[in-house]
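The values are calculated or read from the model by the stated rules, or taken from the named source; none is laboratory data. Because the structure is predicted, anything quoted here is derived from the model rather than measured. Here the Cβ positions follow ideal geometry from the backbone for every residue, glycine too, while neighbour counts run over all protein chains shown. Side chains are part of the model used for accessible areas, which takes the heavy atoms of the whole protein and leaves out ligands, DNA and RNA. Shrake-Rupley method; radii C 1.70, N 1.55, O 1.52, S 1.80 Å.
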Amino acid sequence: MEENKKNNEKNTKKQYLLLAVAIILMAVLAVMIYFTTTNSKNADDKKIAYTDLIKEINDGKVEKVEMTVGSTNVKVKLKDEEEEKTSIMTSAQVEAFTEFIQKKVEEGNDVILEQKPTNVIVSISTTLFSLLPTLLLVALIILFFKMQGIGEKGKIYDSETTKSKITFDDVAGLEEEKHEMIEIVDFLKNPERFDKMGAKIPRGVLLCGQPGTGKTLIAKAIAGQAKVPFISMSGSEFIEMFAGLGASRVRKLFEKAKKISPCIIFIDEIDAIGSRRNSNSGAESENNQTLNQLLVEMDGFDTEETIIVLAATNRPEMLDKALLRPGRFDRRITIGLPDMRGREAILNIHAKGKVFADDVNLKSIAEDTAGFTGADLANILNEAAIIATINEHEAITNKDIEDAVKKVTVGLEKQSRVISDKDKRLTAYHEAGHAIVSSTLETQKAVKEVSIIPRGVAGGYTMYKSDEDKCYISKTEMEEKLVALLGGRAAEKIVLNDISTGASNDIEVATDIAKNMITKYGMSESLGPISINTENDPYELQMLGEKFGDAIGAEVKILLDTAYERAQRLIIQNRDKLDKVAEELLKKEVISAEEFQELIK
Ligand code: ADP
Ligand code: ZN
């Protein structure tokens with residue numbers, strides 16, 4: 001944010017400078033035009049037209065003609081006039097005139113012909129002078145285009161290159177993410193080693209996460225850690241009026257990167273250029289050109305170039321699939337909201353350089369700020385310092401921080417990003433419901449992590465350990481999967497006697513599975529082994545008849561109802577364990593596999 005502001009300021013300055021130059025150039029141009037026109041007016045009486053000159057010579061009234069090689073100006077002295085006159089000719093006329101006057105001299109006409117060698121300086125300066133208006137005009141046009149490029153929306157379109165001093169030490173929490181990035185740092189530092197080994201390092205890494213979670217920070221930290229330059233650009237800056245300009249910016253960005261390789265390219269808000277290509281409107285096709293150029297550049301990396309492209313987005317599902325293909329952004333790292341420990345670590349980092357009173361306890365601040373991003377937390381400490389200064393405190397007090405939290409919270413409430421205690425409790429029971437129910441089902445995978453930290457649209461999540469590769473899934477396993485999926489909703493119903501929208505995704509997934517069981521895997525007793533593909537052929541179901549469609553609906557409903565009932569029974573049977581897990585979740589926000597096993601023993 002701050003850097004952006006600086007960039008914008010720099011930009012406005014640059015813009016003013018360009019404007020000033022443009023005005024000066026225009027003024028010079030105006031003066032020149034004025035002088036050329038008035039000059040020729042003044043010279044009018046001293047001028048003699050070409051045809052008049054021929055006539056005067058033929059009439060024998062000319063005393064002397066003076067010609068300069070390479071010049072189209074011919075000086076003429078008439079017999080009965082004091083002043084010399086000038087005839088300005090075209091080069092064709094000069095040629096014809098030379099022939100004409102030489103013949104006259106040979107014929108014995110009493111006209112004197114003086115031929116002078118070229119005056120280099122004069123001729124150069126006259127040529128330059130005659131070209132000057134054109135040159136100025138060209139310069140003005142170029143300037144105009146430049147200004148347009150910079151001026152719009154007050155943003156820089158030029159990429160920013162910086163030497164990042166930020167290292168992994170400046171990034172709190174995110175240990176797993178940092179760990180994943182270490183190989184990229186090693187690659188940037190020592191590409192030959194990887195090359196010799198034949199190891200392929202991902203060239204494009206997609207950083208997914210909501211604003212303020214530290215995507216830019218971690219990208220800068222990779223650059224700083226590897227001691228390579230960091231070129232950054234925002235996707236929205238590529239989008240603009242002139243068709244083709246976005247594409248040429250992408251090209252220039254990569255050209256620049258290749259020159260300074262090894263380096264990091266960071267593209268923020270990549271969804272602005274990389275969203276799915278579906279419509280053909282003007283802006284859209286401009287995006288396509290930009291996106292296509294990006295794809296071309298990503299595909300065109302040589303092994304000699306040590307460039308890693310990091311791109312950030314909060315909406316990975318919006319991205320064009322082409323961007324995610326192998327060799328492009330084929331590595332994805334999701335950066336979630338920090339958990340309690342992460343928040344404390346972030347607060348500690350941003351507490352550096354600030355003076356705190358003894359009553360300040362960053363740990364308890366971390367406990368009270370669930371759902372806050374790293375940027376929010378940095379903001380809180382900054383606000384607290386401001387409040388302390390205004391109140392003329394010697395050091396930042398706990399009260400100052402609490403006030404800052406309130407202030408920041410109000411802002412976040414407007415964006416509806418603050419989670420109420422009621423919502424937290426609901427999420428805790430919902431996730432605990434999934435975890436408890438699936439742990440009682442034989443075919444279901446073991447719980448890996450349960451969390452009530454929001455992720456994407458979900459208020460929390462339950463992760464399961466991945467299985468060894470399996471080729472087939474049995475009917476029992478699918479049925480129990482439905483039970484586990486509906487375990488969240490069941491817990492809400494039993495414990496809170498109310499249900500929420502929080503389970504909408506679970507229900508969607510469960511319904512899909514149930515439909516597939518009936519129409520794809522032939523797992524229904526009454527319908528038998530039949531496969532109906534309505535996706536490819538919407539009329540297939542019609543062909544089978546209305547009754548058949550109804551039967552499918554009934555079968556799907558039975559599967560889901562049975563699963564939901566079983567989930568509720570399991571919740572009631574394991575109520576004590578459920579309460580324990582939910583309470584622990586409210587306390588800790590995240591529970592590991594071991595902690596979970598301990599709780600349900
Ligand atoms: P994003 O790119 O995801 O929108 P930024 O990287 O711009 O987020 O984060 C904004 C600011 O928030 C950072 O400059 C930093 O001060 C703070 N911040 C975010 N995450 C962290 C973190 N994990 N550790 C330390 N500071 C963080
Ligand atoms: Zn759920």
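Label separation (Gln542 vs Asn190): 6.6 nm, computed from points 7 Å beyond Cα along the C-beta direction. Per residue, the solvent-accessible area of segment 153-335 (1.4 Å probe, heavy atoms of protein chains only, all protein chains present) comes to 46 Å².
Modelled this way, with points 7 Å down the Cα-to-C-beta line, the labels at Lys61 and Lys252 are 6.2 nm from one another.
Applying a threshold of 21 Å to the alpha-carbon distances of Lys75/Lys103; Lys64/Lys85; Lys165/Lys407; Lys481/Lys580; Lys422/Lys481 flags Lys165/Lys407; Lys481/Lys580; Lys422/Lys481 as lying beyond it. Of the trypsin sites (Lys or Arg not before Pro) found in segment 284-388, those in coil by DSSP whose Cβ has at most 15 other Cβ atoms within 10 Å are Lys352, Lys354. Our helix-only sum for the chain, with -39,500 (n - 2.57) per DSSP H run of n ≥ 4 divided by its residues, gives a mean residue ellipticity at 222 nm of -18500 deg cm²/dmol. Rounded, prolate or oblate: which fits segment 312-402, taking a ≥ b ≥ c as square roots of the Cα gyration tensor eigenvalues, rounded meaning a/c under 1.5, else prolate when a/b beats b/c? Verdict is prolate for segment 312-402. Exposed loop sites were defined as chymotrypsin sites (Phe, Trp or Tyr not before Pro) in DSSP loop states (anything but H, G, I, E or B) carrying at most 10 other C-beta atoms within 10 Å; in the chain the longest segment without such a site runs 1-471. Think of the chain as a dipole: +1 on every Lys or Arg Cβ, -1 on every Asp or Glu Cβ, centred on the Cα centre; then among Gln444, Pro191, Val590, Pro191 lies furthest on the positive end.
Surface composition of segment 421-599: carbon plus sulfur atoms hold 50% of the accessible area, using a 1.4 angstrom probe and ignoring ligands, DNA and RNA. Using 1/(1 + (r/R0)^6) with R0 = 30 angstrom and r between the beta carbons of Glu99 and Lys79, what's the FRET efficiency to the nearest 0.05? E(calc), rounded to 0.05, equals 0.85.
On full extension, the segment bounded by Lys445 and Met26 gains 143.3 nm, given 0.36 nm per residue less the C-alpha separation. Once the Cβ-Cβ distance of Ala458 and Lys580 is raised to the sixth power relative to R0 = 22 Å, the FRET efficiency obtained is 0.45.
Find the accessible area per residue for segment 502-601; the probe is 1.4 Å, ligands and nucleic acids are left out, and the unit is Å². Numbers along the way, then the final one.
Details: 6230 Å² over 100 residues.
Averaged over the residues of segment 502-601, the accessible area is 62 Å².
Can you find, among Leu347, Asn533, Leu19, the residue sitting farthest towards the positive end of the charge dipole of the chain, where Lys and Arg contribute +1 and Asp and Glu -1 at Cβ? It is Leu19. Taking all protein chains in place and a 1.4 Å probe, what share, in percent, of the accessible surface of segment 153-335 do carbon and sulfur account for? Accessible surface attributable to carbon and sulfur in segment 153-335 totals 50 percent. Sorted from longest to shortest, the spans of the Cα atoms of segment 346-492 along the three principal axes equal 69, 28, 23 Å.
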